[in-house]
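Undergrad: Here you go, one structure.
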Amino acid sequence: MAETTYLDANELVINMGPQHPATHGVLRVKLNLDGERVMGSECVIGYLHRGVEKIAENRTYAQFAPYTDRMDYVAAVTNGMGYVEAVEKLLGVEIPSRAQYTRMILAELQRIASHLLWLGTHALDLGAMTPVFYTFREREEILKILEKYCGARLTTHAFRIGGLQYDLYDGFEREVVAFCDYFMPKIDEYEQLLTTNRIWVNRTRKIGVLSGEDAIAMGVTGPVLRGSGVKWDIRKAQPYEAYDQVEFDIPIGEHGDTYDRYLVRVQEMRQAVRIIRQCVERLAPGPIFGKVGKVIKPPVGEVYHSIEAPKGELGYFVVSDGSTNPYRVRVRPPSLINLQAFDMMARGHLVADIVAIIGTLDIVLGEVDR
Amino acid sequence: MLENAFNVVMAHPLLLAVIKILIVFAVLSGIVAYLVYMERKVLAFMQARLGPMRVGPWGLLQPIADGLKLLLKEDIIPAGADKFVFLLAPAISVLAAFTVFAVIPFAGNFYISDINIGLLFILGVSSLGIYGIILGGWSSNSHYPLLGALRSSAQLVSYEVAAGMALVGVLLISNSLSMVEIVNRQQQMGVWNVFLQPLAFVIYVIAAVAETNRNPFDLPEAESELTAGFHTEYSGFRFALYFMAEYTNMVLVSCIAVTLFLGGWLRPFSSVHALDFLRWAPPVSLVGAAVFILWLGLQSRVPLERYFFVALALGCVAVGVIISYPLILNAVQGIFWFGVKVLAFLYAFIWYRATFPRYRYDQLMNVGWRWMIPLALANLIVTAVVRYLLSAHTPASPVAWLLR
Amino acid sequence: MMEEPKEPPKAAEGGETPKPAAEGSKAAAPPGKPAAASPKPPAPAGGAAVPPAKPAAPPAKPPAPAAKAPVKPEPWSSPLLDELQKRFPGAIREAVIFRKMPSLTVSKESLLALGQFLKSDEGGAYTLLTDETAVDYPKREKRFDVIYHVYSFQRNDRLRLKVLVGEGEKVPSVTGIWPTSNWLEREVFDMFGVVYEGHPDLKRILLPDEWTGHPLRKDYDILRQDDAWVEANLNIKSGQ
């Protein structure tokens, strides 16, 4: 961006949201504009605050699990997974391998679904209206699998503390593999529409650049961090479930701009398919529930457990006082912390880039506000 | 007595013009309404969905329902708006768009007027439409519309230049500003201007997309950035007027492009007599349409819909039979080919929308000023030089030619 | 709903027996863990989520519901801790490890210096502040635990820092060390009323600016709300 001096008198304050088509929910951004150039911004959040953490203190461990689905409602499976794993860690139980692989399959499917939703809306924000219909078509297939497994499409509550409530339905493996076969060429299709499209490249290259150091300083995680060239994925660094048993690569970007983050997420979808295929192969008959009693009463203590959710590091900090209710549950929402980097990324860009930057952060306001 | 009166009335110079205007206006309004339907359907099929299906068979009555809805909606005027300008602005847009059709020759024998400065008139009046957008955005007294209006004016001004210069290239080879004359000239030369001025054609098409605020240049109303751009505060019928102006402009730029570059009402290869059988295209395509409609209708499970489609197919066949009558067949040739070309153009407009992301404001300006205008200028100079060298009356030296 | 918080403690006292299996397996687990973790805190990317000592335990335990002491945080020892204690004598009040995660209770005064050191390369390069939050223990003299989770990419290790804060006390803000904490501290302020010193823009983040009360405190009932605010801004008597 060229250095220009601006007169304060020309500054126009514009309110983007909470009702705005490109803020992905009820995010409100106050923009200080000079013409169309953004001189500063402030995010106003909390419109969707429901006090999830307070609710947790008034529910038993098992009762709280469905609430986690309502935070990142486009990736409910991973949200639930983070919570049940945190409680399992607190309890010190290990869950059987069949349950682990099932969780991984569903979580990776959910990752694809979340990325698809992101890709479609991100493209729509930048004016490409067609990809959203294609990505939703594929997402629908995933939701069908989820629905067949647990009866819900969005707020799945797929897992239980200690394992799974239901075993897989007949033909699950076949359907998942069929989806993988069907889905891989579709990724190429999206890429054909966007990756080499000159307008797309112009709109995303050098937009919202975040260097690796800045990304770490701002605590950004997930694809946004990897887009900035930091090769860090919790699935590799501190594997949970059976992620240490499967092979996959961590795609990273070079420049930390919107285009790189786009490429990273597209590559992540391919890697997710790879993980799913391996998991399906290893899915052996066996028990699906670990040694957890009917009443969940963990020992006194605190655990922090985090997983690689589609949007970044999703952490649960659970404090137990030895009773049946958690004493405190803290959710470390990736969306909130990624959103904090918004101002840094937006300064000096044009209004049109703001929607690109909001899109590339892939926030879900249900999780930001909790 | 009666006959006498009839003759007097018919002899009145305004009468025929008024009738033509009414026809053009009515048909155009219908076309614009169904252009929206076509856009929704074509987009839908490109995006793996069906589009409007509920209002009428295959959603055919959707435009009427939309129009009614907009008419009956409350006309909201924001408290802080400049009321007079706010009310006037959409009317300016739509008026400017419709007025230009006065000089478009739909066929060799059907146009409202043929003035000898037709092209100038088009450029002049269509530029007036921008006032509607600027004033609408400004008078709303709101941020998003203002930004939309600013973008729009900058965009239109820059692309108008490129489009105008591209058109001058055509003028140089046509020797006339009259739209009818330009088409006639193409007939005489036996070649469409697009083959003589390909670069000008490409520049004009791009500029036309930009001038009509269509994707990928739809920044003034970029939904994801400016909610709805300049017409954010408009509702009800005034919003419908803007909407109509936009689509009328689409038809308009298509008509201009067809007239100037694609031989207007001429059928392809009009000078090749071996292809004279193409004159049967109108009835044949109508019968083809009838078959397609019948096929659609037979898939429907609703009896009423089936009857409707069958009736529609029969109607198509009937019209096809009527226009097969030699005299009528000759009369509809021009309008048919003109219509086909314009439709192809409109289809391309919709196609762009399904394919491209949106340009950013500064990138759009870059494309306009750094590429389109220099290219148009270069095209103009090259055309002028070639035209001079080929001219039969070439004077002894260029200097002499210039001083002539 | 309101009664619930009171009930669990009772259940906790009388309910030691219902879960022998889980208790037993936990009792078996801890001895192995500190041993594995203590020599080197940076646990190599192995089974961070799964307690390794588990498989042996389950078969033996169910029949013998050992009434042993429940799993407890164990004292932590590591080179890093020694280093910290050398550099900041008296700063570390407690160092324990539970479920493979070391937790340091740090004095408020030395928080900034200690954080700065941990972030530096010699301190282990804990450059990523993953989370900052608080827990309320209203019966304690210093009722809040302000909790920082830091992560080191270099050592692939997580560390928990705790600062005990009383009502009305100010905590030094770590925004200068880890800029991430900006919003997180605002959230803690919003939810607990913990005031930070040196924070650039300490105001509410999730709740409206004019709201009174701090909902995540234990004495703030789940049904409670700022009725005056609700009435003034939403034009309804109550949100319930």
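Undergrad: As an exercise, use a Förster radius of 56 Å and the Cβ-Cβ distance of B:L275 and B:S235 to find the FRET efficiency, rounded to the nearest 0.05. List each step's numbers first, then the result.
TA: Details: r = 52 Å, r/R0 = 0.92.
Between B:L275 and B:S235 the formula returns 0.60.
Undergrad: While we're looking at this one, here's another question. Take the Cα radius of gyration of the protein assembly as shown and divide it by 2.2 N^0.38 Å, with N its residue count; two decimals is plenty. Before the final figure, lay out the partial values.
TA: On the way: Rg = 35.2 Å, N = 1014, 2.2 N^0.38 = 30.5 Å.
Cα Rg divided by the expected 2.2 N^0.38 Å: 1.15.
Undergrad: Please tell me the relative contact order of chain A in percent, rounded to the nearest whole number, where contacts are Cα pairs under 8 Å and at least six residues apart.
TA: 27
Undergrad: On to the next question. Tell me, what HN-Hα J-couplings in whole Hz come from the Karplus equation 6.51 cos²θ - 1.76 cosθ + 1.60 at θ = phi - 60° for each residue of segment C:151-157, using x for Gly and Pro?
TA: 9, 10, 5, 4, 9, 6, 9
Undergrad: Where the centre of each part is set by its Cα atoms, how far does segment A:211-226 sit from segment A:11-44, in angstrom?
TA: If you average the Cα positions of each part, the centres end up 23 Å apart.
Undergrad: Only Lys, Arg, Asp and Glu count, each charged at its Cβ (+1, +1, -1, -1), so figure out the dipole size of chain A about its Cα centre, rounded to 20 debye.
TA: Working: 42 positive and 48 negative charges, 177 e Å.
The dipole of chain A has a size of about 840 debye.
Undergrad: Residue by residue through segment A:24-34, which ³J(HN,Hα) values in whole Hz follow from phi under the Karplus form 6.51 cos²θ - 1.76 cosθ + 1.60 (θ = phi - 60°), with glycine and proline marked x?
TA: 6, x, 10, 7, 10, 10, 8, 10, 9, 10, 10
Undergrad: Another question, then. Would you order A:V295, B:V161, B:V253 from fewest to most other beta-carbon atoms within 10 Å of each residue's own beta-carbon?
TA: Values: A:V295 14, B:V161 17, B:V253 27.
If I rank by nearby Cβ atoms, fewest first, I get A:V295, B:V161, B:V253.
Undergrad: Using only alpha carbon positions, build the gyration tensor of chain B, then give the equivalent ellipsoid semi-axes as the square roots of 5 times its eigenvalues, largest first, whole angstrom. Could you put the intermediate results ahead of the total?
TA: Values: eigenvalues 231, 206, 101 Å².
Ellipsoid half-lengths, sorted descending, are 34, 32, 22 Å.
Undergrad: Still on this structure, please answer the following. Which value in deg cm²/dmol, rounded to the nearest 500, describes the helix-derived mean residue ellipticity at 222 nm for chain B, given -39,500 (n - 2.57) per DSSP H run of n ≥ 4 and division by the residue count? Kindly include the intermediate steps, with their values, before the conclusion.
TA: Numbers: 17 runs with 285 residues, N = 404.
Result for chain B, helices only: -23500 deg cm²/dmol.
Undergrad: For an R0 of 60 angstrom, estimate the FRET efficiency from the Cβ-Cβ distance between A:R270 and B:A91 and round to the nearest 0.05.
TA: Values: r = 54 Å, r/R0 = 0.90.
Rounded to the nearest 0.05, the efficiency is 0.65.
Undergrad: Further, regarding this structure: So which aspartates and glutamates pass the test for B:K83, namely a Cα distance under 16 Å, with those fewer than 8 places away in the same chain ruled out?
TA: The reachable aspartates and glutamates, counting only those whose Cα sits under 16 Å from B:K83, are B:E74, B:D75, B:E233.
Undergrad: How do A:E85, C:E210, C:E141 rank when sorted from fewest to most other Cβ atoms within 10 Å of their own Cβ?
TA: On the way: A:E85 23, C:E210 11, C:E141 8.
Least crowded to most crowded, the residues run C:E141, C:E210, A:E85.
Undergrad: Rounded to the nearest 5, what is the percent of antiparallel bridges among the DSSP beta bridges in the protein assembly as shown? Before the final figure, lay out the partial values.
TA: On the way: 58 of 65 bridges.
In the protein assembly as shown, DSSP labels about 90 percent of beta bridges as antiparallel.
Undergrad: How would you rank B:F261, A:F133, going from fewest to most other Cβ atoms within 10 Å of each one's own Cβ? Numbers along the way, then the final one.
TA: Values: B:F261 26, A:F133 17.
Going from least to most buried by this count: A:F133, B:F261.
Undergrad: Let me ask you something else. Just to be sure I understand: with springs between alpha-carbon atoms less than 10 Å apart, which residue in A:T196, A:T135, A:T155 has the highest mean-square fluctuation in the Gaussian network model of chain A?
TA: Taking springs between Cα atoms under 10 Å, the residue moving most is A:T196.
Undergrad: What is the ratio of the Cα radius of gyration of chain A to 2.2 N^0.38 Å, where N is its residue count, to two decimals?
TA: 1.00
Undergrad: On to the next question. Over segment B:1-62, what is the mean sequence separation of C-alpha contacts under 8 Å (at least six apart), divided by residue count, expressed as relative contact order in percent? All intermediate terms of the calculation are to be shown ahead of the outcome.
TA: Working: 24 pairs, mean separation 9.4, N = 62.
Dividing the mean separation by the residue count of segment B:1-62 yields 15 percent.
Undergrad: Under the Karplus relation 6.51 cos²θ - 1.76 cosθ + 1.60, θ = phi - 60°, what is the ordered set of whole-Hz ³J(HN,Hα) values for segment A:155-167, x standing for Gly and Pro?
TA: Karplus values, whole Hz, x for Gly and Pro: 8, 7, 6, 6, 10, 10, 5, x, x, 10, 7, 10, 6.
Undergrad: Counting alpha carbon pairs within less than 8 Å and at least 6 residues apart, what relative contact order, in whole percent, applies to chain B? If you can, show how the numbers build up before the last one.
TA: Working: 536 pairs, mean separation 81.2, N = 404.
Worked out over chain B, it gives 20 percent.
Undergrad: To the nearest 20 debye, what is the magnitude of the charge dipole of segment A:245-370 about its Cα centre, counting +1 on the Cβ of each Lys and Arg and -1 on the Cβ of each Asp and Glu? Provide the component values of the computation, followed by the final result.
TA: Details: 15 positive and 16 negative charges, 143 e Å.
The dipole magnitude comes to about 680 debye.
Undergrad: Still on this structure, please answer the following. In whole angstrom, how long is each semi-axis of the equivalent ellipsoid of segment A:163-272, when you take the square root of 5 times every eigenvalue of its Cα gyration tensor and sort them from largest down?
TA: 30, 21, 10
Undergrad: Okay, next question. Report the calculated FRET efficiency for B:Y34 and A:D249 (r = Cβ-Cβ distance, R0 = 56 Å), to the nearest 0.05. Working shown, then result.
TA: Details: r = 51 Å, r/R0 = 0.92.
Plugging the Cβ-Cβ distance into 1/(1 + (r/R0)^6) gives 0.65.
Undergrad: What number, rounded to the nearest 500 deg cm²/dmol, is the helix-based mean residue ellipticity at 222 nm of chain A, given -39500 (n - 2.57) per DSSP H run of at least four residues and division by all its residues?
TA: Details: 15 runs with 177 residues, N = 370.
Computed mean residue ellipticity for chain A: -15000 deg cm²/dmol.
Undergrad: Would you mind checking A:K148/A:K294; C:K170/C:K203; A:K89/C:K142; A:K144/A:K231; A:K311/C:K218; C:K119/C:K162 for any pair whose Cα atoms are more than 21 angstrom apart?
TA: Values: A:K148/A:K294 26 Å; C:K170/C:K203 15 Å; A:K89/C:K142 28 Å; A:K144/A:K231 33 Å; A:K311/C:K218 31 Å; C:K119/C:K162 16 Å.
The pairs that break the limit, which is 21 Å between Cα atoms, are A:K148/A:K294; A:K89/C:K142; A:K144/A:K231; A:K311/C:K218.
Undergrad: Can you list, bin by bin at 5 Å, the percent of alpha carbon pairs in segment B:257-301, starting at 0?
TA: Using 5 Å bins, I get a P(r) of 5, 18, 15, 15, 16, 11, 9, 7, 3, 1 for segment B:257-301.
Rule-based calculations on the coordinates, nothing more; no lab input. The structure presented is a predicted model; accordingly, all values stated were derived computationally and were not measured. Heads up, the Cβs are rebuilt from the backbone with ideal geometry, glycines too, and the neighbour counts pull from every protein chain shown.
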